[in-house]
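Nothing in this text is a laboratory measurement; each read-out follows from the coordinates by a stated rule. The model shown is predicted, which means the values in this text are computed figures rather than measured ones. Positions of Cβ are generated from backbone atoms using ideal geometry, with glycine treated the same way; all protein chains shown enter the neighbour counts.
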Amino acid sequence: MSNNIVRRMKRDDLRMVLQWRNHIEVRRFMYSQEEISFLDHTKWFEANSNNPDKKLLIFEKNDISLGFINFDRIRNSDVVDWGFYTAPNAPKGTGKRLGKTVLDYAFKGLNFRKVCGQVLSYNQRSINFHLKLGFRQEGVLVDQYFDGHKYHSVVCFGLLSNEWNMIQCGEESD
């Protein structure tokens with residue numbers, strides 16, 4: 001039986017998470033696509049790890065770290081933006097497990113009412129991922145992001161806690 005967990009990111013995770021984040025297949029879908037230095041990564045961690053409006057998390061399966069998740073509370077509400085990525089060498093299916101485990105944790109463990117996501121329009125895999133998890137497309141920000149060469153639209157998604165609960169009940173009865 002697999003043991004999927006979500007835990008807080010620790011200082012010991014910094015090098016691993018930075019290696020994942022700087023991998024070309026991860027950073028090409030980020031708003032900031034340049035490589036990040038260890039010093040800048042450490043400063044980011046120090047500034048955010050104790051911020052009550054942010055949650056920096058690690059997804060593990062059987063005690064192996066396989067993904068990073070960030071929740072950012074929107075204006076002191078129970079609504080959060082999320083961002084995530086899996087380790088570049090994670091086994092096939094890790095993203096789906098990460099998504100289900102983390103959303104369950106967000107709604108049942110952290111009591112968030114809504115999780116929102118933004119996806120660059122050329123990241124079809126992430127768009128499909130959100131839809132498969134039950135997110136609804138709530139809008140498109142046209143030509144919102146400039147990558148240094150051209151503008152890209154951003155697809156906005158949302159998932160409410162009660163929608164997630166209905167999805168989970170449907171899967172359990174299958």
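Give the residue list of trypsin sites (Lys or Arg not before Pro) in the stretch 1-71 that are DSSP loop and have at most 13 other beta-carbon atoms within 10 angstrom. Don't skip to the end; give the middle numbers.
Details: sites: Arg7, Arg8, Lys10, Arg11, Arg15, Arg21, Arg27, Arg28, Lys43, Lys54, Lys55, Lys61; in loops: Lys10, Arg28.
When the trypsin sites (Lys or Arg not before Pro) of the stretch 1-71 are filtered for loop state and at most 13 Cβ neighbours within 10 Å, Lys10, Arg28 remain.
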Average Cα contact separation per residue, the stretch 32-174, under 8 Å, 6 or more apart, as relative contact order %: 15 percent
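Okay, helix-only estimate at 222 nm for the chain: each DSSP H run of n ≥ 4 adds -39500 (n - 2.57), divide by all residues, round to 500 deg cm²/dmol; what do you get? Intermediate values should be presented prior to the final figure.
Working: 6 runs with 58 residues, N = 174.
About -9500 deg cm²/dmol.
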Count, lysine Cα pairs under 14 Å in the chain, 8 or more residues apart or across chains: 9
How would the stretch 1-150 be classified by its alpha-carbon gyration tensor: rounded, prolate or oblate, with rounded meaning a/c under 1.5 and the a/b versus b/c comparison settling the rest? rounded
Using alpha-carbon positions, what is the distance between the centroids of the stretch 92-135 and the stretch 1-78, in Å? 15 Å
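What do the square roots of 5 times the Cα gyration tensor eigenvalues come to for the stretch 90-174, in whole Å, largest first, as semi-axes of the equivalent ellipsoid? Could the numbers behind the result be given before it?
Working: eigenvalues 141, 44, 25 Å².
Each semi-axis is the square root of five times an eigenvalue, giving 27, 15, 11 Å.
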Let's see if you can work this out: charge +1 on each Lys and Arg Cβ, -1 on each Asp and Glu Cβ, no other charges. What is the dipole magnitude of the chain about its Cα centre, in debye to the nearest 20? 160 debye
Projecting each Cα onto the charge dipole of the stretch 108-174 (Lys/Arg +1, Asp/Glu -1 at the beta carbon, about the Cα centre), which of Leu133, Leu160, Phe146 comes out farthest on the positive side? Phe146
